[in-house]
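Asks: What follows is a single structure, and I will ask about it in a moment.
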Amino acid sequence: MAKEQHYIDFDEYIRQGEPAQREAAYAWSTAIGLQAVDGLTTSEYLNDLARRNIEGELTMDQVDTLLDSYYESKAAREAHDDDKNEADKASRNIKKILSVKTVDFTTNGFISLHRRIFEGVFKHAGQLRDYDITKKEWVLEGDTVNYLNWEDLRRALDYDIKQEREFSYKGLAQDDLIAHIASFVSGLWQIHAFGEGNTRTTAVFTIQYLRSIGFDVENDLFAKYSWYFRNALVRANYKNAVKGIDYSPIYLERFFRNLLLGEQWDLRECAA
């Protein structure tokens, strides 16, 4: 019988914990929750380390040492070990990134962020893909988004990030603000610069950027609705004239309306 997943009540820490506990709980909940975009869950061991870090029992250096030793010393490999290793180490890395409120809002910063998230996980961490990709999407009944061809990846990243850096939000109505942010994030994700880990990298980059321009995003939306976030990105970038389906940014806009404006849109369904 499978072991029951160890549960951490992040909400309790975020609502009632000391400031350091609230910040740690937010970062851990987001880091762990984002693994769901690729159908991954963290191990019970990582969850326990996260709890002990939130409680102040372990520093992040100690978490690093214990987690790395745990995987190095596993004598018998079990089913899904590779998935757990990816989820655990990516979560650990994202937690450390979100604990430092800085962002390098450049193409190199975006590429470096992928390396920092997936260091020790992917051999190609921090490397732009050199091949074209398609991905069958459940939300599209097996169809794929048209991702950017690999030859134009850096040029597209340079353009999108430069355009956003020069954009002024001054005097922008709320609806226009949400639409603009959704459009920028959607376009950045559609580039799909890496072989794997694009949604997690885009999410963390988005959190860092929004915080850097004054938004408070320290809540549980990315943790609880990461799967919806990914499907919303898919729907914003999918068009099929034969099936009568047009690009649908409304689902992503609803996510950002909840995140930034405190609205209460239902974030459960965005199928084509």
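Here, each number is a calculation from the coordinates, and none is a lab measurement. From a predicted model like this one, the values you see are computed outputs, not experimental measurements. Please note: Cβ atoms are built from the backbone with ideal geometry, for glycine as well, and neighbour counts cover all protein chains shown.
Asks: Among 167, 222, 256, which one moves the most in a GNM of the chain with springs linking Cα atoms closer than 10 Å?
Replies: Maximum among the listed residues: 167.
Asks: Quick one: grab Rg to one decimal and Dmax as a whole number for the stretch 1-100, Cα atoms only, in Å.
Replies: Over the stretch 1-100's Cα set, Rg and Dmax evaluate to 13.2, 40 Å.
Asks: Please turn the phi angles of the stretch 190-203 into ³J(HN,Hα) values with the Karplus equation 6.51 cos²θ - 1.76 cosθ + 1.60 (θ = phi - 60°), one per residue in order, whole Hz, x for glycine and proline.
Replies: 5, 4, 6, 5, 10, x, 8, x, 5, 5, 5, 5, 4, 5
Asks: Also, I was wondering about something else. Given the options 93, 108, 47, which has the most mean-square fluctuation in a GNM of the chain, springs set between C-alpha atoms less than 10 angstrom apart?
Replies: Among 93, 108, 47, the largest mean-square fluctuation in the Gaussian network model of the chain belongs to 108.
Asks: To the nearest 500 deg cm²/dmol, what mean residue ellipticity at 222 nm is calculated for the chain from DSSP H runs of n ≥ 4 alone, each contributing -39,500 (n - 2.57), summed and divided by the residues?
Replies: Estimated from H runs of four or more residues: -17000 deg cm²/dmol.
Asks: Something else now. So which lysines pass the test for residue 84, namely a Cα distance under 24 Å, with those fewer than 8 places away in the same chain ruled out?
Replies: Straight-distance partners of residue 84: 3, 74, 95, 96, 123, 135, 136, 224.
Asks: Near the amide H of residue 143, under 5 Å away, which other amide H atoms are found, from residues 5 or more places off or on another chain, if H is placed in the peptide plane?
Replies: 137
Asks: Test of the criteria: in the stretch 36-100, which trypsin sites (Lys or Arg not before Pro) are in a DSSP loop and have at most 16 other Cβ atoms within 10 angstrom of their Cβ? Write down the numbers at each step before the final one.
Replies: Numbers: sites: 51, 52, 74, 77, 84, 89, 92, 95, 96; in loops: 74, 77.
Here the sparse-neighbourhood loop sites are 74, 77.
Asks: For residue 245, enumerate residues with amide H under 5 Å from its amide H, sequence gap 5+ or separate chain, H modeled in the peptide plane.
Replies: 240
Asks: Among 32, 181, 213, which one shows the highest mean-square fluctuation when the chain is modelled as a Gaussian network with alpha-carbon springs under 10 Å?
Replies: Result for the chain, Cα springs under 10 Å: 213 fluctuates most.
Asks: Let me ask you something else. In sequence order, what are the phi-derived ³J(HN,Hα) couplings for the stretch 38-43 according to the Karplus relation 6.51 cos²θ - 1.76 cosθ + 1.60 with θ = phi - 60°, rounded to whole Hz, with x for glycine and proline?
Replies: In residue order, the calculated couplings are 10, x, 9, 10, 7, 6 Hz.
Asks: Oh, and also: Restricting attention to the stretch 131-175, which trypsin sites (Lys or Arg not before Pro) occupy a DSSP loop and are surrounded by at most 10 other Cβ atoms within 10 Å?
Replies: Answer in residue order: 136, 170.
Asks: Report, in degrees rounded to the nearest 10, the 0 to 90 angle that the Cα long axis of helix 44-54 makes with the longest principal axis of the chain.
Replies: Result, in degrees: 90.
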